[in-house]
Every structure is written in C-alpha cells, then in structure tokens.
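The values are calculated or read from the model by the stated rules, or taken from the named source; none is laboratory data. Everything numeric in this text was worked out from a predicted model, so none of it was measured. Here Cβ is always computed from backbone atoms with ideal geometry, including for glycine, and neighbour counts include all displayed protein chains. Accessible surface areas use protein heavy atoms only, side chains included; no ligands, DNA or RNA. Shrake-Rupley method; radii C 1.70, N 1.55, O 1.52, S 1.80 Å.
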Amino acid sequence: YMTVRSSALFLHAPIAMDAVAVIGLVTAFFAASIGLVQNDIKKVFAYSTLSQLRHLRLGFGVGAFSAGIFHVMTHAFFKALLFLGAGSVIHALSGEQDLRNMGGLLKKIPITAAPLFCAGVAIAGLPFTSGAASKDLILEAAYTHAPWMYWVGTITAGMTAFYVFRALFL
C-alpha cells in the first residue's frame, strides 16, 4: 500500500520528476562521453554501465517506471556477458587490458567472441534484442514527455553503441 501510494504522490511532482530526468540525461551523456576516450577494456564497459543506469533514471523521471526496471534487468544480463568476456580476453592476453594492444582474438578465442558480440548487439540496442526493447520504451516515454530528452537520450545511446563496438572490434 505505501509503495503504490508513494508512487502516486510522486506522479504529481512534475518538478521533481523533471529534475530526475534531467540529471539522468546529463550524467548519461557525461559517462558516455568519457567512455568514448577510454582504452582500458574494463573502463569502457564500466562507463557504459554508468550510462545505462542513467537511462534507467531518465525512464523514472519521465514516468516510465516499469520500462526502467525492465532496462536494468536486461542490462544486468548483457553487462555480465561483457565483463565475463572481458575477463576471458584479459586472461588470454596474460593480463593485458589496453585495447590498443589487442587484436586477432576472434581466431584465438572464438568461444568468447560469440557472447561478447551478442552482448554488444544488445547494449547497442539493435532491433530484436532486449536492449532495444527496454531502451525504446524509455526513449518513447521521453519523447512523449519532452522531445529534446528523447534526442539527447538517442545520441547518448548511439555513443554507447559506438564505444562498445569499438572495444569489440579492437
């Protein structure tokens, strides 16, 4: 009863919800921009985590509570694949974490490449993936709330897709 009642009160606080959404957008963009320039494989994936969790905050701020929870659940699975794959890559390279010193691992560790690619596709939000479904719900709610929030969220999602695929291709 308290949870339902509390969330009902929160829906009548547009200034607070806008503040949550704006903070989510700003921090998502900031984390994604940092991820663009990282060369450590674990840092790339860590900044993508920060960015994705801020998408969750955007969802909460625009009233898409279930979409935000759905996104954090899907994020947990594809992020686990990314970090497990990163650990396998680091192990295969005897502790090397710098993306600039990696390459040719598809032939060396193909079993690791497949889950990493699946996770990369999901976090990028390509169609027919869990990441696409959850991000689209959040971005759709953001567009309904304020179209500029949708565009900032879409650009941030594009930045995330770019640096995750950059890490995979390197």
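Quick notes on this structure:
- Per-region count, segment 94-118, residues free of Cβ contacts under 8 Å to residues at least 40 places away in the same chain, more than 23 Å from the chain's Cα centre (by Cα) and within 21 Å of residue 35 (Cβ to Cβ): 3
- None of 23, 15, 34 is open to solvent by 10 Å² or more (accessible area, probe 1.4 Å), at pLDDT below 90 and in a helix (DSSP H, G or I) except 15.
- Among the residues of segment 141-164, the one identified as touching a His at 6+ places or on another chain (Cβ under 8 Å) and of a type outside the set (Gly, Ala, Ser) is 156.
- Scanning segment 57-75 for residues that are part of a helix (DSSP H, G or I), touching a helix residue (DSSP H, G or I) at 6+ places or on another chain (Cβ under 7 Å), closer than 14 Å to residue 133 by Cβ and open to solvent by 10 Å² or more (accessible area, probe 1.4 Å) turns up 70, 72, 74, 75.
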